[in-house]
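A quick write-up on the structure given underneath.
FYI, it's all coordinate maths here, none of it is from the lab. All of these numbers come straight from a predicted model, not from anything done at the bench. In this analysis, Cβ positions are derived from the backbone assuming ideal geometry, glycine residues included, and neighbour counts consider all displayed protein chains.
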Amino acid sequence: MSGQRLQAEAEPELAPAPLSVRGGGHDRAGRVFRWLATGSGVLILAVLAAVAGFLLLEAWPALSASREDLAAISWIPDDGSLLGYVGPLVFGTVLAAILALLLAVPVAIGIALFISHYAPRRLADVLGYLVDLLAAIPSVVYGLWGGLWLAPKLQGVWGWLSDNLGFIPLFEGPAATPPRVMMTVGVVLAVMILPIVTAVSREVFLQTPRLHEEAALALGATRWEMVRMAVLPFGRSGVISASMLGLGRALGETMAVLMILSPGLTYSWALLMAGRHQTIAANIALQFPEANPLGVSALIATGLALFVITLLVNMAARWVVSRRAAFSGAN
Amino acid sequence: MASTDTVTRTDAPQPTTHELLTRPDRRRHTVDRVMRVVVTLAFLVAMIPLVSLVWIVLSEGYHRLSPYFLAVSMRGVFGGMDAGGIYHAIVGTLLVTGAAAVISVPIGMMTAVYLVEYGRGALARAVTFFVDVMTGIPSIVAGLFAYALFAIFLGPGVRMGVAGAVALSVLMIPVVVRSTEEMLRLVPNELREASLALGVPKWRTIVKVVLRTSAAGIVTGVMLAVARVIGETAPLLITLGVVDSINYDLFDGRMMTLPVFIYRQYSQGLVPCRPDQLDCIATINFDRAWAAALVLVVIVLLLNLLARVVARRFAPAKGH
């Protein structure tokens, strides 16, 4: 906190020097350069506004279409209500993302702690780099791996779950074969967001003030107690924002879902049964190539819903991070 | 607590201070050990899928990969034919990603220059905030945006390379801005002041001193950004469509790219072969998908490694 404030206070003092230089000459190149820079910044704002604007514009025909027209599209339910179509999609999207988050975050915290506080220093650097590399693997490759390699391996596990824990609505059987189900999607999405959640958490854990850690150890804390009392409280908001970033990714992930899930439009909690769920992103990619103009418009309307959801999640994440900057208690 | 209670109850001799300080507290140490195992296990469990992914892509993709596979397109290839390759997809990926880089690098760099060197007040804060927001745009929404943009001007059903490049730019610009901004902030203020004190105009100071000092970092950032978007599938599926033949023209018609090729082959699934058909390979589509995935992963990892090397080799000397 003090570092930022120092910088903020230092800047106004630095400002006059360049100002006088700029004001001194009739420097056309300087002005053009400045306009270019400012223009680029404004352009970014314009692009974001355009994203929202164009989506709305293209979605409007579907938003204002009559129920009969909409019902004529083969994949929209017979009552022709757009809301009735988007509802299950939003449900499926959120369900997949939350499932992935529940699976990924505990493991990610474990990995981050292992790299930051348990592994030997030299090993930790290599592992950290490895995790960064894994974040770069394209999602379509994860989808391929999930669909062709992982799904058959999970078959037995899901069967066992539905046989023995079938009384819980989430694991209601019979488990589908092949397991192109929500649970498999959740696992693959969890693997996909693991690197990003790990990377951010690790960074935060590494920033724990050395003095806090040493104070805990000096008071006789074991390593785990030191982690629990010094590292985790310090890193909590960082982990929260890392999870939100992961959530944002999982919400917008298309390919892995598209390649694994057998789609269906219901509000179902049965994670092991096929043909129950679908996410917004995967649905767009699935229907878009074959859709007629009104269908495209309806799909863009669902995309708008996804845009708004991810926007809210990301803004919440930024808000948590900015709060952290003010109240971290680091110094 | 529990251990001291038992000690007093059994009438054992009172422990000395030295004993109290050195005697291990069994419960706490058990918890410590258990947590160490749990943390290590979490790490190992997570490594299983990640290592297996790399291994499977390598072992499955290796069979099909050959100079022939890299040099031909899918034109005229059907059924279980033992033929076809990814040349058209590689061409498409290079063109579209290159065009995306050409669009986003100048915009991203100038925005970072604005934020670091010029930006003050509400506009700078808004740009910073919305660049953050932009990082979180789902890739498919970026694809829809590019499609909507081109559909408004060129009519519905438009498919062309530039639309894909625009979609990728929406994803790439915030990454370039973030990394460039970070690098510009690392340039010591003394360098700027020295240049300004010599009477060099501010814009020349930025071009000749600030940007040149941070060139290595900026190049690294751009390469990482390219590595990130080169694997994007969903926006390209929407804006470029799929095609089997080679297309060099960004402004005309459908184009294939590597990620879309992988998806396309995967979604075509197993080929039904008659038992007496010798030239028919049932798993040909999956084989091609794995081989293309291997090529894509190698490209992405090479870009990452290269970025590392650039960052290390050309980094400005630190300290004095």
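Please go through the range B:56-148 and write out the trypsin sites (Lys or Arg not before Pro) that DSSP classes as loop and that have at most 11 other C-beta atoms within 10 Å. Show your work: numbers first, answer last.
On the way: sites: B:R64, B:R75, B:R120, B:R125; in loops: B:R64, B:R75, B:R120.
Qualifying residues, ordered by number: B:R120.
Between A:Q155 and A:L102, what is 0.36 nm times their sequence separation minus the Cα-Cα distance? Round to one decimal in nm. Mind showing how you got there, number by number?
Working: separation 53, 0.36 × 53 = 19.08 nm, distance 2.06 nm.
Answer, rounded to one decimal: 17.0 nm.
For the range B:67-313, what is the per residue volume of the convex hull drawn over the alpha-carbon atoms, in cubic angstrom? It would help to have the intermediate numbers written out before the result.
Details: hull volume 34.7 nm³, N = 247.
In the range B:67-313, the Cα convex hull volume per residue is 140 Å³.
Rounded to whole Å and ordered largest first, report the semi-axes of the equivalent ellipsoid of the range A:82-203 derived from its Cα gyration tensor (root of 5λ). Can you show the working numbers first?
On the way: eigenvalues 184, 61, 43 Å².
The answer is 30, 17, 15 Å, longest axis first.
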**Q.** Most mobile of B:I90, B:I107, B:I218 in a GNM of chain B (Cα contacts under 10 Å)
**A.** B:I107
Q: Report the semi-axes of the equivalent ellipsoid for the range A:229-331 in whole Å, largest first, where each axis is √(5λ) for an eigenvalue λ of the Cα gyration tensor.
A: 36, 17, 9
Q | Kirkwood Rh and Cα Rg combined as Rg over Rh, evaluated for the range B:50-111 | A | 1.17
Q. A:D163 to A:L294: extension gain in nm, 0.36 nm per residue of separation minus the Cα-Cα distance?
A. 42.7 nm
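Semi-axes of the range B:40-191's equivalent ellipsoid from the Cα gyration tensor, sqrt of 5 times each eigenvalue, largest first, rounded to whole Å? Numbers along the way, then the final one.
On the way: eigenvalues 276, 131, 50 Å².
Ellipsoid semi-axes (Å, largest first): 37, 26, 16.
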Q: For B:C280, enumerate residues with amide H under 5 Å from its amide H, sequence gap 5+ or separate chain, H modeled in the peptide plane.
A: none
Q.
If I build a Gaussian network model for chain B, linking alpha-carbon pairs within less than 10 angstrom, which residue out of B:T180, B:T97, B:T135 has the largest mean-square fluctuation?
A. B:T135
Q. At each listed q (0.17, 0.19, 0.22 Å⁻¹), what is the log10 of I(q)/I(0) that the Debye formula gives for the range A:168-254 modelled as equal alpha-carbon point scatterers?
A. -0.78, -0.86, -0.98
Q) When the helix-only estimate is applied to the protein assembly as shown (DSSP H runs of n ≥ 4, each -39,500 (n - 2.57), divided by the residue count), what is the mean residue ellipticity at 222 nm, nearest 500 deg cm²/dmol? A) -23000 deg cm²/dmol
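Taking the Cα centre of the range B:67-313 as origin, work out the dipole magnitude from +1 charges on Lys and Arg Cβ and -1 charges on Asp and Glu Cβ, in debye rounded to 20. Please list the in-between numbers first.
Details: 19 positive and 14 negative charges, 169 e Å.
Charge dipole, the range B:67-313, about its Cα centre: 820 debye, nearest 20.
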Q: Among A:L55, A:I196, A:A96, flag the residue with its Cα farthest along the positive direction of the charge dipole of chain A, charges on Cβ as +1 for Lys/Arg and -1 for Asp/Glu.
A: A:I196
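Using the Cβ atoms and a cut-off under 12 Å, what net charge is assigned to the surroundings of A:D78, where Lys and Arg are +1 and Asp and Glu are -1? Please report the intermediate quantities before stating the final value.
Working: positive: A:R67; negative: A:E68, A:D79.
Here the count lands on -1.
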(Q) Over the Cα atoms of the range B:16-61, each weighted equally, I'd like the Debye log10 I(q)/I(0) at q = 0.13, 0.19, 0.27 Å⁻¹, rounded to two decimals. (A) -0.52, -0.71, -0.89
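Pop the C-beta distance of B:V102 and A:L56 into the FRET formula with R0 = 35 Å and round what comes out to the nearest 0.05. Display every interim value, and only then the final one.
Numbers: r = 29 Å, r/R0 = 0.82.
Step by step, r from the Cβ atoms, then E = 0.75.
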**Q.** Kirkwood Rh (inverse of mean 1/r, distinct Cα pairs), the protein assembly as shown, angstrom
**A.** 27.2
Q.
Let's see if you can work this out: charge +1 on each Lys and Arg Cβ, -1 on each Asp and Glu Cβ, no other charges. What is the dipole magnitude of the protein assembly as shown about its Cα centre, in debye to the nearest 20?
A. 1760
**Q.** Taking the range A:65-327 and dividing mean pair separation by its residue count, relative contact order in percent (alpha carbons under 8 Å, at least six apart)
**A.** 27
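Within the range B:219-283, report the chymotrypsin sites (Phe, Trp or Tyr not before Pro) that DSSP leaves as loop and that have at most 11 other Cβ atoms within 10 Å. Before the final figure, lay out each step's value.
Details: sites: B:Y248, B:F251, B:F261, B:Y263, B:Y266; in loops: B:Y248, B:F251.
Answer in residue order: B:Y248, B:F251.
Please check chain A for the longest run free of chymotrypsin sites (Phe, Trp or Tyr not before Pro) that are loop-located per DSSP (anything but H, G, I, E, B) and have at most 16 other Cβ atoms within 10 Å. Write down the numbers at each step before the final one.
Details: sites that count: A:W75, A:F167, A:Y267, A:W269.
That gives A:168-266 as the longest site-free run.
Roughly how big is chain A's charge dipole about its Cα centre, with Cβ charges of +1 (Lys, Arg) and -1 (Asp, Glu), in debye to the nearest 20? The partial results should precede the final answer.
Working: 20 positive and 19 negative charges, 183 e Å.
That gives a dipole near 880 debye.
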Q: Please report how far the C-alpha centroid of the range B:280-306 lies from that of the range B:138-157, rounded to the nearest whole angstrom.
A: 28
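At R0 = 35 Å, how high is the FRET efficiency between A:A46 and A:D79 if r is their beta carbon distance? Nearest 0.05 is fine.
On the way: r = 39 Å, r/R0 = 1.11.
Step by step, r from the Cβ atoms, then E = 0.35.
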Q: Given the options A:A72, A:A29, A:A298, state which has the largest fluctuation in a GNM of chain A using a 10 Å cut-off (strictly under) for Cα springs.
A: A:A29
(Q) So, R0 is 35 Å and r is the distance between the beta-carbons of B:E19 and A:D125; what FRET efficiency does that work out to, to 0.05? (A) 0.25
Q. For chain B, with the dipole built from +1 on Lys and Arg beta-carbon atoms and -1 on Asp and Glu ones, taken about the Cα centre, which of B:P67, B:V170, B:G269 lies farthest toward the positive end?
A. B:V170
Q: Please give the contour-minus-distance gain from B:R204 to B:R33: 0.36 nm per residue of separation, less the Cα-Cα distance, rounded to one decimal in nm.
A: 55.6 nm
Q: Report ³J(HN,Hα) in whole Hz for each residue of the range B:258-271, in order, from the Karplus equation J = 6.51 cos²θ - 1.76 cosθ + 1.60 where θ = phi - 60°; Gly and Pro get x.
A: 4, x, 5, 4, 4, 4, 4, 5, 4, 6, 6, x, 6, 9
Q: For the range A:65-327, build the charge dipole from Cβ charges (+1 Lys, Arg; -1 Asp, Glu) around the Cα centre, then report which of A:G235, A:G246, A:H212 sits farthest towards its positive end.
A: A:H212
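For the range B:67-313, calculate the relative contact order in percent as a whole number, restricting contacts to Cα pairs under 8 Å that are 6 or more residues apart. Let's see the in-between values first.
On the way: 372 pairs, mean separation 70.1, N = 247.
Normalised by residue count, the contact order of the range B:67-313 is 28 percent.
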**Q.** Paramagnetic reach from B:T40 (point 7 Å along Cα→Cβ, amide N under 12 Å) across the range A:82-121
**A.** A:118-120
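Could you state the orientation-averaged shadow area of the convex hull built on the Cα atoms of the range A:65-327, in nm² to one decimal?
Numbers: hull surface 67.3 nm².
Averaging across all directions leaves 16.8 nm² for the Cα convex hull.
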